[in-house]
């Protein structure tokens with residue numbers, strides 16, 4: 001079973017863990033919390049599976065603090081400031097993303113980004129990556145009243161692209177991405193090369209497709 005161009009009019013992507021490997025910068029920022037408290041830095045492998053969970057995941061791994069802890073909000077802002085100081089320095093596109101986005105543009109398939117990352121962090125990163133300049137829609141975690149897994153951000157992106165949600169495909173590396181796509185009436189693709197939140201298998205998410213590389217999107221869309 002393959003996605004067909006006559007059924008798919010637009011592609012939407014999550015950012016971190018799907019288009020952009022931001023684990024080096026986010027791990028570095030989280031380790032600043034430890035270093036400032038006299039603790040040794042943890043290897044990136046400790047953080048990487050949970051990068052997609054945002055500040056709550058990074059602070060939990062760094063200091064074993066959860067959102068229920070009274071100190072969490074202050075630590076979250078400290079983490080955010082540390083991330084702002086380093087974001088983009090070591091992040092890079094996953095292999096194959098550049099080629100994929102070029103093919104979408106060449107085939108006149110509009111595409112966009114839907115992320116739970118706040119505009120505060122997303123806009124500087126997206127504006128700094130040349131390959132993202134062709135995105136027809138950018139919806140951040142605070143663009144709409146709700147963030148994923150609510151369908152509203154995906155619906156807003158489809159609206160901005162001028163494409164019905166049923167003709168959009170959403171690609172992401174977190175279960176919330178698949179839930180949001182399903183709720184929005186979009187086909188879903190799970191990026192098994194992403195962060196995944198520490199799960200071993202993605203079949204329980206029930207995505208329509210699972211890919212191991214961004215380049216596999218080309219095959220699903222018959223762009224090769």
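Read-outs: derived from the displayed coordinates by stated rules, not from any lab. Bear in mind the structure is a predicted one, so any value in this text is a computation, not a measurement. Methodologically, a virtual Cβ is constructed for each residue, glycine included, from the backbone with ideal geometry; neighbour enumeration extends over all protein chains shown.
For the structure I just gave you, tell me whether residue 160 is farther than 28 Å from residue 198 by Cβ and either touching a helix residue (DSSP H, G or I) at 6+ places or on another chain (Cβ under 8 Å) or surrounded by fewer than 19 Cβ atoms within 10 Å (Cβ to Cβ) (or both). It is true that residue 160 is farther than 28 Å from residue 198 by Cβ and either touching a helix residue (DSSP H, G or I) at 6+ places or on another chain (Cβ under 8 Å) or surrounded by fewer than 19 Cβ atoms within 10 Å (Cβ to Cβ) (or both). Looking at 84, 78, just one residue is under 18 Å from the mean Cα position of the chain (by Cα) and closer than 30 Å to residue 132 by Cα, and that residue is 84. Among the residues making up the range 138-154, those that are closer than 23 Å to residue 105 by Cα and crowded, with 21+ Cβ neighbours inside 10 Å are 139, 140, 153, 154.
Selection of strands (runs of 3 or more DSSP E) fully inside the range 130-224 by the criterion of at least 2 residues being touching a residue at least 60 places away in the same chain (Cβ under 8 Å) returns 168-172, 187-191. For residue 123, the conditions (1) in contact (Cβ under 8 Å) with a residue 24 or more places away in the chain; (2) under 15 Å from the mean Cα position of the chain (by Cα); (3) outside any loop (DSSP other than H, G, I, E, B) all hold with the exception of (1).
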